[in-house]
Every structure is written in C-alpha cells, then in structure tokens.
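Data first, discussion second: the structure below is written as structure tokens.
The values are calculated or read from the model by the stated rules, or taken from the named source; none is laboratory data. These numbers were taken from a predicted model, which means no experiment stands behind them. Cβ atoms come from the backbone with ideal geometry, glycine included; neighbour counts cover every protein chain shown. The area values use the complete protein model at the heavy-atom level, side chains included, leaving out ligands, DNA and RNA. Shrake-Rupley method; radii C 1.70, N 1.55, O 1.52, S 1.80 Å.
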Amino acid sequence: MKKIIYFLAILLIASCKSDGKKSSNFRVLPESSGKINHLSVVLSNDFWEGSIGETIRNVLAAPVDGLPQDEPLFTMNQIPPAVFSGFVTQNRTVLKIETTQEANVKILKDVYARPQRVVLVTGPTKEAIIDQIKGHEDDIIAAFKAEEIKEQQRRIKLSPNVNNTIKKKLGISITFPSAYRIAVDKDDFYWIRKDITTGHSNLMLYELPYGAIKKGDSLVGDILKLRDSIGRTHIPGRLDGTHMTTDDAYAPFIFDTSIDGKSSIETKGMWDVKKDFMAGPFINYIVDDKEHNRLLVAEGFVFAPSVEKRDYVFELESIIRSIKFDEE
C-alpha cells in the first residue's frame, strides 16, 4: 500500500513540474458562458465609435440571409479593454482588437475559458486593422458560427428525442430536442414539430432518387418546384384546400456546403400559405448521398409571427448539421 501511495505522489509531482519548474501546459479554465449568437467585442470606445467599429458592424452584424426582416448575424456587446477581466472574459465568442506593429488575424481556442473561440485582430493603424477585418471576414464569421453550432448541438444533447424510427428508415442519425414531436411518419417522410410561444418550429426529412436535382441553370427552379410539391402533398395549411408553398416574392439564397462530409446544396428563402396569413423563413439542404444512390433532403421552417426568427432558424440548422450517415 505504501508503494502505491509513493508512486501516485511521484506522478502528481511530475505532472506539476518539469526541470524544477511548474508546467506551463496545465491550466484550469472556467466554463464559458453566453447566449447563442452573442459576441463580445473588445476594443476602445474611440475605435468602436469610429471606422473600425463601423467595419465590425458591417461584417458581424450584417443581416442574416433568408429572413423576412433584418436580423444581425451576431448580437454584439462592446467591452473596453480596461474592464475586460474576470468573468467578463468568459463569453464563449470574443473578438479582440489590438494596436501592434504586426497586422494579423489569429483564431484562437480556449484562451480565457473553455470552450471558447477568440479572434484577435491586430495592426499598427486603424486602416491596417480594417484591412485585416475585411480581408478575413469569411474566416472570422465561419469561426464564430462553428463555435455557436457546436454549443447549440451540445445543449440539444442534454435532452434529445430518442423515440423515433429515423435511423432505421432513412439510415441516418440526427439529434433534435425532446421538445420536438413526430407529426408525420409516413412512407419515409418525416415532419417533426415543436410548439413555440407564437407558432411552431418544423423539420422535414425525406429522400429522392439520385440525380433528381442537378446543378445547372435550372437549379433554383428545380429546388423550388420540389419544395412546392412536398408542401402540396405533406404540409397542409390551417384552411381546407391550402398548403405550404414557396413565397416567390423573395429571391432565395443558394450556397454550396457539406453535411457529414457530403457535398450539399443549402437554400434559404421564404415560405407562405396561399389564402391564409401564414409565412416564414425556411432553410433547405439537399445532400448528395452517392454511396446510397439517393439524395437526402433536410429542411427546417419556422412560423413565428411578430417575433425575431434568427435563433429559431439557427437551431434548425444546428439540428440538420448533426446528421450522420450510416457507413453501411
């Protein structure tokens, strides 16, 4: 017994010291905090009120694509460097601006808390700092968004829905909150819903024959025709004879992306129900699942009149990005 205690003591000492010094690799970081899509911006008041602040707002508070009203990518809280200490440093996402001789952008992990994403932008002049922000805006946005999706997915896993047959029927795993219920499970089509304060948040999952949607000049039209046919068949409105369709008053946004490493088409736009006062944003993914000779379609749509919708759509995107395909 004494030998075991002696051995454990040696391990403890070795973990704390290296060549007579404390290990610099061992740090106990506090747990990060903060609302989803809320960003701390650390810079002086003068910088925030001037051209640097304007550039930051233009990039990180730009309107989210595909929403009926302008809502920012991130809700920002400016913090002067003099008060950036203690619990204030523990926000999950931090943009820090510093004046140094080196013009650079560094994307750092777990600097003041864990998990955390810190983007440090430096430069010798205001103009140099602005150039760094503009030159790396896609990387900066992607870094913060990836951190927020990861956090949203972590929260969902705290209370996931486990009573479904999706894996068996569609050959995928997908993690969504237990607050969602399966509204329709028929012919390998799923309509999944969650009631919210002023409406509901929705998810659809289904598959198409491989090659049913192809990239080309008719891509946008083909995707919208697909949505309308699915809405006509599966998503009725509140009034008899009505159904969900794409609102052609809004031009959709289309991007190339990937889901679980598979090439995918992301479409954002607006839906409505003709002859009824129902409308809202949707986010649609068509995933190229060549291994299973099919296209998998995952779409989220929100009905939430009179309230902001950014975070509802973001939750749906995070759910869809949790999809994992069976390796069989």
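Past 28 Å, Cα to Cα: identify those pairs from LYS194/LYS214; LYS106/LYS215; LYS214/LYS268; LYS214/LYS275, in the order given.
LYS194/LYS214; LYS106/LYS215; LYS214/LYS275
Report the far tail of the P(r) of the stretch 71-178, meaning the percent of Cα-Cα pairs longer than 17 Å.
Of all Cα-Cα distances in the stretch 71-178, 65 percent exceed 17 Å.
Run through the stretch 194-231 and list the trypsin sites (Lys or Arg not before Pro) located in a DSSP loop whose Cβ has at most 15 other Cβ atoms within 10 Å.
Counting only loop positions with at most 15 other Cβ atoms within 10 Å, the trypsin sites (Lys or Arg not before Pro) in the stretch 194-231 are LYS214, LYS215.
Could you tell me which GluC sites (Glu not before Pro) in the stretch 43-124 are loop residues by DSSP with no more than 15 other beta carbons within 10 angstrom of their beta carbon?
The qualifying sites are GLU102.
What are the extents of the Cα atoms of the chain along their three principal axes, in Å, largest first?
Between the extreme Cα coordinates on each principal axis of the chain lie 77, 64, 39 Å.
Can you list the lysines whose alpha carbon is less than 18 Å from that of LYS324, not counting same-chain residues fewer than 8 positions off?
LYS150, LYS157, LYS167, LYS168, LYS169, LYS262, LYS290
Between ASP65 and ASP185, 0.36 nm times their residue separation minus their Cα-Cα distance comes to what?
Between ASP65 and ASP185, full extension yields an extra 40.2 nm.
Using a simple charge model, +1 on the beta-carbon of Lys and Arg, -1 on the beta-carbon of Asp and Glu, nothing else, what dipole does the chain show about its Cα centre, in debye to the nearest 20?
In debye, rounded to 20, the chain gives about 1640.
Could you quote the convex hull projected area for the stretch 116-185, Cα atoms only and averaged over all directions, in nm²?
Spelled out: convex hull of the Cα atoms, projected over all directions, averaged, 7.1 nm².
Hey, what number do you get for the chain at 222 nm if only DSSP H runs of n ≥ 4 count, each worth -39500 (n - 2.57), divided across all residues, to the nearest 500?
-8500 deg cm²/dmol
Leaving out ligands, DNA and RNA, and with a 1.4 Å probe, what % of the accessible surface on the chain is carbon or sulfur?
The computed percentage sits at 53.
Restricting things to Cα coordinates, could you compute the convex hull volume per residue of the stretch 239-328 in Å³?
121
Which residues' amide hydrogens lie under 5 Å from the amide hydrogen of ASP247, considering only partners 5 or more residues apart or on another chain, with H built in the peptide plane?
Answer set, sorted by chain and number: MET270, TRP271, ASP272.
In a solvent-free Debye calculation with one equal scatterer on each Cα, what is log10 I(q)/I(0) for the stretch 31-126 at q = 0.13, 0.21 Å⁻¹, listed in the order of the q values?
Calculated log10 I(q)/I(0) at the listed q: -0.46, -1.12.
For SER229, SER306, SER85, SER322, give the ranking by accessible area with the largest first, probe 1.4 Å.
From most exposed to least exposed: SER306, SER85, SER229, SER322.
With the dipole of the chain worked out from charges on the C-beta (+1 for Lys and Arg, -1 for Asp and Glu) around the Cα centre, which of ASN91, PRO124, GLY280 lies farthest toward the positive end?
About the Cα centre, the residue reaching furthest to the positive side is ASN91.
Leaving out ligands and nucleic acids, note down the accessible area per residue over the chain with a 1.4 angstrom probe, in whole Å².
On a per-residue basis, 54 Å².
Taking the Cα-to-Cβ direction at ARG27 and at ASN293 and moving 7 Å from each Cα, how far apart do the two end points lie in nm?
5.4
Among the chymotrypsin sites (Phe, Trp or Tyr not before Pro) in the stretch 232-328, which ones are in a DSSP loop with at most 14 other Cβ atoms within 10 Å of the Cβ? Mind listing them?
Those satisfying the criteria are PHE277.
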